[in-house]
1. Within segment 23-30, does at least one residue satisfy the condition of being among the β-branched types (Val, Ile, Thr), touching a helix residue (DSSP H, G or I) at 6+ places or on another chain (Cβ under 6 Å) and either open to solvent by 70 Å² or more (accessible area, probe 1.4 Å) or closer than 22 Å to residue 116 by Cα (or both)?
2. Scan segment 74-100 residue by residue and report those that are in a helix (DSSP H, G or I), buried (at least 17 other Cβ atoms within 10 Å of the Cβ) and either touching a Cys at 6+ places or on another chain (Cβ under 7 Å) or not charged (D, E, K, R) (or both).
3. Looking at 59, 78, 65, which one is over 15 Å from residue 182 (Cα atoms), at pLDDT 95 or above and among the β-branched types (Val, Ile, Thr)?
4. Across segment 144-162, what is the total count of residues that are part of a helix (DSSP H, G or I), open to solvent by 10 Å² or more (accessible area, probe 1.4 Å) and either modelled with pLDDT of 90 or more or within 16 Å of residue 128 (Cα to Cα) (or both)?
5. Scan segment 13-44 for residues that are farther than 22 Å from residue 84 by Cβ and outside any loop (DSSP other than H, G, I, E, B) and report the count.
6. Which of the residues that make up segment 64-104 are of a type in the set (Asp, Glu) and under 20 Å from residue 49 (Cβ atoms)?
7. List the pairs whose first member sits in segment 58-73 and is more than 15 Å from residue 37 (Cα to Cα), whose second member is open to solvent by 30 Å² or more (accessible area, probe 1.4 Å) and modelled with pLDDT of 90 or more, and whose Cβ atoms are under 6 Å apart, counting only residues at least 6 apart or on separate chains?
8. For the condition in a strand (DSSP E or B), surrounded by 13 or more Cβ atoms within 10 Å (Cβ to Cβ) and on the phi < 0 side of the Ramachandran plot, what is the one hit in 51, 65, 111, 47?
Amino acid sequence: MSSKIIVVEDEEDLLDLIEYNLSKEDFDVVGFLNTKTVATLLEEEDIDLIIMDRNLPGIEGSEFIEGLRKDGMQTPVIYLSAKDKDSEIEEGFLRGGDDYMTKPFNMKELILRIKSILKRTSKQNVEGTIRYRDLLLDMDARTLSVEDKHVDITKLEFDLLYEFIINKNSILDRDYLLENVWRSSQLNQYKTVNVAITRLKDKIDHDKTKNYIQTIRGVGYKLS
C-alpha cells in the first residue's frame, strides 16, 4: 500500500510540482493550498506524513502543527519553508517538526528525506528497551524516559538519540548523522543537524549537568 502524504503549500505551481514528483514515486498525495480541511482529513484517514509550508494564509504553518501536536497528533512532519534563519529552524522543531528543509530546495533531496522518515516511522527492527546511563529508550513504544520520567521527543530526536547510543564513545560528524539519521548528505543542511542536537540536549539534560552529548569542536559530537 502506498504511503499517504499531505502537502500544504499556498503557491499553486509549487504544490502541483511537488504532487507530480511524489506521485511519480508512487506516493498517494493530497495537496492543500491552506490548512482549512487538513485536520478533518487527519481525523478521517491514516496519513503517513505531512509536508508543511509555514507562510500560509490564515495561520502560520508551524503554529497549526503545534496545535495538532497538543491534541495528540503523532504524524511526522517535514517543514518546507523560506524561513531559513537558525532561530526559525529551531522554532520549527519546537513546534513539532521532525525535519526541516529550506527553500529553494532540491526535489530529489526532498524525496530522499520523505523516504527516510517513512522508513524510520514504519519499521520496528529493534525491540525491547535500550538503556544508557539515566536514559531509557523503549523501542516498541518509541518513547524516552530520563531518570524514570517520560520525556516527549519527536521521531527524529528518538532516532538521533538511538544513533548516539549504539555508537557511544564514538565521535559522529554531521556527514555521518545526515547519512544515517536524515538519510541525506546535503552539506547545506548542517545547521539542521546542529539545531536538532541542541534541542535533544535540552530535553535530556535541561539542567546541563550531565553532559550526555559532547560537542567536539571542528569534528562532531559524542555520547559519553
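1. yes
2. Within segment 74-100, 89, 92, 93 meet the criteria.
3. Just a single option satisfies the conditions, and that option is 65.
4. The qualifying residues number 2.
5. 18
6. Of everything in segment 64-104, those that are of a type in the set (Asp, Glu) and under 20 Å from residue 49 (Cβ atoms) turn out to be 66, 71, 98, 99.
7. 62/95; 66/95
8. The conditions single out 51.
The values are calculated or read from the model by the stated rules, or taken from the named source; none is laboratory data. Keep in mind the model is a prediction, meaning the values are calculated, not measured. Please note: Cβ atoms are built from the backbone with ideal geometry, for glycine as well, and neighbour counts cover all protein chains shown. Just the protein is used for accessible areas: all its heavy atoms, side chains included, with ligands, DNA and RNA removed. Shrake-Rupley method; radii C 1.70, N 1.55, O 1.52, S 1.80 Å.
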